[in-house]
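Working notes, structure below.
The values are calculated or read from the model by the stated rules, or taken from the named source; none is laboratory data. Predicted model only: the values in this text are computed from it and were never measured. We place every Cβ from the backbone using ideal geometry, glycine too, and count neighbours over all the protein chains shown.
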C-alpha cells in the first residue's frame with residue numbers, strides 16, 4: 001500500500017510539474033503553438049513509463065518507515081548534487097531553474113523505490129533500534145496453491161529443512177476462499193485455510209501481492225512469480241511439476257522428495273543378494289545391500305557364495321546404519 005501511494009503521488013506531482021515547467025519550455029520553443037495541457041500530458045506519460053518500468057522489474061521486499069525516510073533523504077541529497085552539477089555545466093539560469101523540479105522529482109522517486117525494494121538486503125543500525133535483514137541465505141521459493149492444502153507443509157517448514165523465504169501469492173490464498181461443490185473440495189479448502197493460518201506467523205513465510213495481470217488462475221500466477229523472482233517453485237502436484245519443468249522453472253517437488261525418503265527395504269520385502277560369509281550365530285550367513293547395510297540370513301550358512309532370495313523379517317537401527325534380519329524363501 002505504501003508503494004502504491006508513492007506511485008500515485010509521483011504521477012500527480014509529475015502531471016503538476018509537467019504542466020508548470022512544460023508551459024515555460026514549450027512557449028519559448030514553439031511560440032505558444034502547443035496547447036497548455038500538453039506539458040501535463042508529457043509529465044503523465046513520463047511518470048507512467050517510469051512506474052511501468054519499475055513494476056516490470058519489481059521485487060517484493062520488506063517495507064518500513066525508516067527505509068522511506070532514509071530513501072527520501074538520500075534522494076533529495078542526490079538531487080541536490082545533480083542540480084548543483086547541472087548548474088555548473090549549463091550556463092543558462094532560466095533553463096536550469098526550469099529543470100530543477102523534474103530532476104529532483106525523478107531522482108528522488110527512483111532512489112526511494114530502490115531503497116524500499118532492497119531494504120531487507122541491508123542491516124540498518126540506529127540508536128536504540130536495530131533493523132536486521134529478514135532474507136534467508138539460500139534463495140527463495142514460491143508456493144504452488146495446491147501445496148497449501150498439504151498437511152505435511154507446516155511440519156516441513158518448522159523442521160528447518162527449508163531455510164529460504166517461502167512466497168505465497170495473494171491469488172493462492174484467494175483460490176481457497178471461494179465456495180466448493182463437493183464435500184471433498186470443501187474439506188481441502190478448510191484444511192488449506194487452517195494451514196495458512198498456522199504457518200503465517202513463521203519467519204520464512206512472506207505474502208506477496210505482486211501485480212500479475214492476465215493470469216488465468218492461481219497456479220499460473222505462482223509460475224509467473226517464480227520466473228519474476230528467478231527462484232524455485234514448491235509443489236506436490238505432478239501436473240504443476242511437469243508444467244514448471246516444461247517452462248524451465250526450477251522446482252522442489254514434495255511428492256518426489258517423499259518418494260525418495262521412503263525406505264527401500266521394509267518388513268516383508270523380498271531381496272535378491274549374494275551370501276558373502278558366515279554370520280556370528282549358528283547357521284547364519286551375511287550379505288550386504290548396495291547402501292552397505294548388513295543383512296543377516298538365518299539357516300543359510302550352507303549357501304555361501306550363492307545368490308538367493310530372502311524375505312525381510314525385521315530391521316534393527318544401529319549407530320552405523322541399520323541391520324536387516326531375513327530368512328530364505
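Among the residues of the range 89-104, not one is modelled with pLDDT under 80, over 23 Å from residue 43 (Cα atoms) and assigned to a helix (DSSP H, G or I). Tallying residues that are closer than 23 Å to residue 211 by Cα and at pLDDT 85 or above within the range 150-174 yields 9. Residue-level check: of (1) under 20 Å from residue 159 (Cβ atoms); (2) out of contact with any strand residue (DSSP E or B) (no Cβ under 8 Å at 6 or more places or on another chain); (3) surrounded by 13 or more Cβ atoms within 10 Å (Cβ to Cβ), residue 254 misses just (2). Among the residues of the range 280-299 satisfying the criterion of being loosely packed, with under 11 Cβ neighbours inside 10 Å and under 20 Å from residue 268 (Cβ atoms), which is nearest to the chain's Cα centre (by Cα)? Per the criteria, the residue is 291. Scanning the range 240-263 turns up no residue that is in contact with a helix residue (DSSP H, G or I) (Cβ under 9 Å, 6 or more places away or on another chain), at pLDDT 90 or above and either farther than 30 Å from residue 226 by Cα or outside the structural domain of residue 145 (by TED's automatic domain parsing) (or both). Only one of 194, 177, 198, 130 is over 30 Å from residue 13 (Cα atoms) and either modelled with pLDDT under 80 or part of a strand (DSSP E or B) (or both). Can you tell me which? Result: 130 is the single residue among 194, 177, 198, 130 that is over 30 Å from residue 13 (Cα atoms) and either modelled with pLDDT under 80 or part of a strand (DSSP E or B) (or both). For the range 300-329, the set of residues classified as exposed (fewer than 13 other Cβ atoms within 10 Å of the Cβ) and part of a loop (DSSP other than H, G, I, E, B) consists of 305, 306, 319, 320, 329, listed by residue number.
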